[in-house]
Structure formats: structure tokens, C-alpha cells
Amino acid sequence: MLRRKNHSVISLKNTFFIISLLLIPLSAQKVGILPFENNSNFEDVWDISTDIPSILGELLLKEETVDIIPLRDLDSLLKINKKKKINQYDTEDWKWLLPGCDVIVMGYIDEFDLKRYNVAEPTLAGYEYYSFILKMRLVFADLTLGRVSEQTEVETELSRNVVGLNLFGRTSSERKDFFGLSQITFGSEKFMLSIVGEGVKDAFNQFYKHYKREIKRTQVADEIEPVPTLTGTLLTYDGATGDAFVNIITKGLKPGEILYAYEATDSLYDQQSGELIGIAEKRTGELKILEIRNAKLLYATAQGDNKLLSPGLIIKYFRTR
């Protein structure tokens with residue numbers, strides 16, 4: 001009986017989350033910024049693993065017409081489905097786990113360090129040095145296009161030299177603010193005026209540049225350049241009939257469209273440094289889509305001369321305009 005009750009609770013939570021997403025206007029991109037993994041040594045009054053994603057979402061709302069999925073809803077679904085193994089670079093896994101999201105952002109906090117030093121004796125005109133360092137790694141996943149970025153780094157380091165005591169020998173307002181930081185709500189107006197708040201704003205500016213490059217500008221580039229929008233693998237091929245099965249993300253593909261087969265040929269090296277910079281490819285054939293089987297599998301048939309087709313070849317789909 002207890003198991004049935006737990007399953008019904010999970011079902012209701014999933015249903016409520018999906019319904020809430022469906023109520024969001026279709027014109028707005030739905031962005032989920034997941035709780036960040038805190039690898040720093042900071043364990044104080046703020047829960048930076050959730051506070052930082054929350055403030056990044058709030059600041060993104062001021063720049064873009066998006067809908068930020070509430071962190072509590074994302075966290076709830078992650079906990080409910082924690083037994084399912086997720087490949088963070090597989091957008092199909094994320095779409096199953098977080099239905100309705102268009103974009104997700106994953107993050108790792110490597111350093112969150114706030115320090116104070118005495119530059120001189122804390123007496124009359126004694127100076128103090130405050131520093132704040134924040135280092136993170138981010139991964140952006142566009143679930144609509146089936147793309148996941150490589151890890152991108154965000155680093156910010158700020159410092160302030162302030163008077164510890166004022167001319168009357170009393171504690172300066174800057175010193176009071178520093179020692180009162182633990183009493184300030186993360187992300188509040190007063191918090192954003194502090195050295196930590198300034199650091200978070202600088203980190204957001206870097207975050208936003210990565211967001212525009214990985215999410216917005218990626219889409220613009222596709223509209224201008226004839227780049228391959230999808231890449232997959234030829235799983236099986238029958239030389240007698242021309243029948244083939246292809247492993248590729250099938251969302252947006254239709255029967256009748258053409259796929260191109262490529263064979264990896266030579267390794268390409270930088271002429272100056274000798275560094276491996278890519279692999280040359282040679283087109284070996286074409287396939288016509290006959291049937292979409294599921295999210296990652298389709299059935300196709302060879303077109304024209306099919307003597308050079310074989311399992312393991314690279315399959316590419318080019319979006320035509």
C-alpha cells in the first residue's frame with residue numbers, strides 16, 4: 001500500500017509540473033537552470049548551489065523574453081527520478097526527465113571565496129582589504145535542437161581597499177556591511193551592492209555571453225550557413241535491398257528527406273604546431289528516409305550507387321532553406 005501511495009504522489013507531482021509548463025505562453029523559451037554542484041569549500045549561511053542559479057535566472061529575465069522554470073520544480077523532479085542514470089550530453093534523457101523545458105543550464109561551482117585582510121593596524125586610518133573570487137563551469141543544453149555545449153568557464157575576482165575605522169575611531173560603514181553580509185538575503189537589493197553582489201553580476205555578464213553564443217547565436221548561425229544540423233551513425237545496411245537503419249535524433253525529420261553518408265579519411269594537423277585539428281571526411285552515398293521509428297532511430301533506403309555504404313559510416317542531415 002505504501003508503494004502505491006508513493007507512486008501516486010510522484011505521478012501527481014509530474015502531472016502538476018507538466019501542466020504548469022503547458023500554461024506558459026508558447027512564444028517564450030522555457031529555461032531551466034538546474035541546481036549547481038558545489039565543489040568549493042564554502043558552506044556558510046547561503047546555499048550557493050541553489051542561490052546562484054536562482055539569481056542568474058532572475059537576471060536573465062531582465063535581458064531576454066524567457067520563462068524561467070522554478071528551481072523547486074526542477075529540483076523536485078530531479079529527486080523523484082534520481083534513480084535514472086542521466087547522460088548529461090544526451091538531450092533525449094533530459095527531455096524525458098524535464099518535460100517541457102527548451103533549454104537547461106548545468107553548473108559546477110569550483111571556488112566561492114570571500115576574505116578580509118588588514119593592510120595596516122586596525123586603528124585610526126587603518127585600511128582593510130576585501131576580496132571575492134567566484135569560479136564556475138557551465139554547460140548549456142538546447143533540447144529543441146538536440147545540442148549540448150562543452151563546459152565553459154566563468155571567473156570573476158574583485159577586491160576593495162576600505163578604511164576600517166573612520167576619523168572618529170568608529171567602525172566604518174564598509175566594515176559593518178562586510179561583517180553584516182551573513183544577515184543579508186542572497187540576491188536582495190542590498191546584497192547586490194556588496195562585493196559579493198558585484199561579483200555575481202560580473203559572473204552573470206559572462207554567463208549571458210555564453211548563453212547568447214550557445215543558445216541564441218547558434219540558431220542564427222544555422223539560418224545563415226548550410227551547416228549540418230544533425231549527425232548520426234549508419235547502424236545496419238543491406239547491400240542487396242539498400243535497406244538501412246540509422247541512429248540519429250529524428251525530431252523534425254520527415255520521410256522523403258535525404259541523409260548523406262560520410263567516411264572518415266585522413267587526420268588533419270595544424271601546420272605550425274602539429275596539433276590534431278580535425279578529421280577529413282569523404283561523401284560515400286545518400287539515403288532517403290522511409291520511416292521514423294522512434295526518437296533516435298529511422299529506417300531508410302540507399303539512393304543511386306550504394307557500393308560504398310557500410311555500417312559505421314557517419315550520417316549527416318543538412319537543413320535546407
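Quick one: if the Förster radius is 45 Å, what FRET efficiency do Lys282 and Ala28 give, using the C-beta to C-beta distance and rounding to 0.05? Walk me through the numbers before you get to the answer.
On the way: r = 43 Å, r/R0 = 0.96.
So, using R0 = 45 Å, E works out to roughly 0.55.
Could you tell me which GluC sites (Glu not before Pro) in segment 235-321 are loop residues by DSSP with no more than 15 other beta carbons within 10 angstrom of their beta carbon? Present the calculation step by step, with values, prior to reporting the outcome.
Details: sites: Glu257, Glu263, Glu275, Glu281, Glu286, Glu291; in loops: Glu257, Glu275.
Counting only loop positions with at most 15 other Cβ atoms within 10 Å, the GluC sites (Glu not before Pro) in segment 235-321 are Glu275.
Report the gain in length on full extension from Asp47 to Asn247: 0.36 nm times residue separation, minus Cα-Cα distance, nm rounded to one decimal. Please list the in-between numbers first.
Details: separation 200, 0.36 × 200 = 72.00 nm, distance 4.13 nm.
Going from the current span to full extension adds 67.9 nm.
Over 30 Å between Cα atoms: which of Lys254/Lys282; Lys201/Lys316; Lys30/Lys251; Lys30/Lys288 fall into that group? Don't jump to the answer; show the numbers that get you there.
Details: Lys254/Lys282 25 Å; Lys201/Lys316 40 Å; Lys30/Lys251 18 Å; Lys30/Lys288 34 Å.
Beyond 30 Å: Lys201/Lys316; Lys30/Lys288.
R0 = 41 Å: FRET efficiency of Lys79 with Ala240, Cβ-based, nearest 0.05?
On the way: r = 52 Å, r/R0 = 1.26.
In this case the efficiency is close to 0.20.
Mind giving me the FRET efficiency for Thr301 and Ser267? R0 is 30 Å, r the Cβ-Cβ distance, nearest 0.05 is fine.
Values: r = 32 Å, r/R0 = 1.07.
That pair, Thr301 with Ser267, gives E of 0.40.
Going by how many other beta carbons lie within 10 Å of each one, how would you line up Ile289, Ile52, Ile279, fewest first?
Values: Ile289 21, Ile52 26, Ile279 12.
Going from sparsest to densest Cβ surroundings: Ile279, Ile289, Ile52.
Rule-based calculations on the coordinates, nothing more; no lab input. Please read these numbers as outputs of a predicted model, since none were measured by experiment. In this analysis, Cβ positions are derived from the backbone assuming ideal geometry, glycine residues included, and neighbour counts consider all displayed protein chains.
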